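Written out below as structure tokens is the structure these notes cover.
Each value in this text was obtained by applying a stated rule to the coordinates, not by laboratory testing. Remember, it's a predicted structure, so these values are computed and weren't measured experimentally. Glycine gets a Cβ as well: all are built from the backbone with ideal geometry, and neighbour counts include every protein chain shown.
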Amino acid sequence: MARINCFDPIYSKIAALPAGEVFIISDFSDLADDTAIRKVLSRLEADGKIRRIFRGVYDCPEYNAFLGEKIEPHPDKIARALARNYGWTIVPCGDTALNMLGLSTQVPAVWLYVSDGTYKEYTYGNTIIRFKRTTNKEISNLSYKTALVIQALKALGKENITPEIINKIATTTTKEEKEAMFAEAKYATSWIYDKIKEICGGTK
């Protein structure tokens with residue numbers, strides 16, 4: 001079978017990715033058109049170099065020596081790839097937001113995201129990923145960290161946010177993220193903004 005002209009640059013780009021990374025066809029649009037990319041990815045999948053997760057979504061399988069098998073990619077990586085594929089803006093919410101911020105060690109039964117796209121649910125292996133549509137004001141014009149913290153605070157509820165939680169979020173948020181959060185969250189619900197001011201420590 002004749003070699004596809006763009007095979008080497010696409011394979012080189014994939015080979016440079018860390019194990020477990022998830023990618024989509026358009027991630028290679030600087031190297032070839034979609035038809036050629038699909039052919040290359042199909043060949044690499046047949047050779048066992050990559051794994052197809054959903055149509056147009058693939059990963060570089062990570063091998064776990066202890067388990068003696070290839071493991072599933074992290075659900076958040078799949079969610080982000082799906083969002084790129086459809087041009088959605090997404091933010092973890094509920095238990096997923098708490099997990100992503102390190103406020104909960106419990107693995108979510110369903111990885112839940114708010115999105116400016118349509119309602120969708122995907123199942124891959126033991127993973128369920130669900131996108132639910134939200135108003136744009138919850139995710140538009142907000143940095144990822146600001147939107148993530150707002151969703152986590154909403155998931156906890158005003159009465160359940162302790163000084164320890166405020167400190168946990170503050171210590172895992174950079175100075176630049178705090179400055180952005182302080183400015184961006186002023187239109188959030190008043191109690192959420194009050195908590196964010198505590199997290200930001202009065203950043204101006």
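Loop-located chymotrypsin sites (Phe, Trp or Tyr not before Pro) in the range 67-142 (DSSP state not H, G, I, E or B) with no more than 16 neighbouring Cβ atoms inside 10 Å: Tyr119. Placing pseudo-labels 7 Å out from each Cα toward the beta carbon at Lys158 and Glu198 gives an inter-label distance of 1.2 nm. Placing a pseudo-label 7 Å from each Cα along the Cα-to-Cβ vector at Asp8 and Tyr124 gives an inter-label distance of 3.1 nm.
When DSSP beta bridges are restricted to pairs lying wholly in the range 52-120, around 100% turn out antiparallel.
Spatially, the range 39-59 and the range 86-102 are offset by 26 Å when compared through their Cα centroids.
Report summary: the helix-based calculation at 222 nm, which adds -39500 (n - 2.57) for every DSSP H run with n ≥ 4 and divides by the residues of the chain, gives -12500 deg cm²/dmol. The simple Förster model, with R0 at 25 Å and r as the Cβ-Cβ distance, assigns Ser143 and Lys77 a FRET efficiency of 0.80. With a Förster radius of 30 Å, plug the Cβ-Cβ distance of Ser29 and Thr135 into 1/(1 + (r/R0)^6) and report the FRET value to the nearest 0.05. It comes out at approximately 0.45. Note on Ser104, Ser190, Ser42: ascending count of other Cβ atoms within 10 Å places them as Ser190, Ser42, Ser104, the fewest first.
Principal axis extents of the Cα atoms in the range 75-204, from largest to smallest and rounded to whole angstrom, are 43, 29, 24. A simple charge model with +1 on the Cβ of Lys and Arg, -1 on the Cβ of Asp and Glu and nothing else charged puts the dipole of the range 75-200 at about 260 debye relative to its Cα centre.
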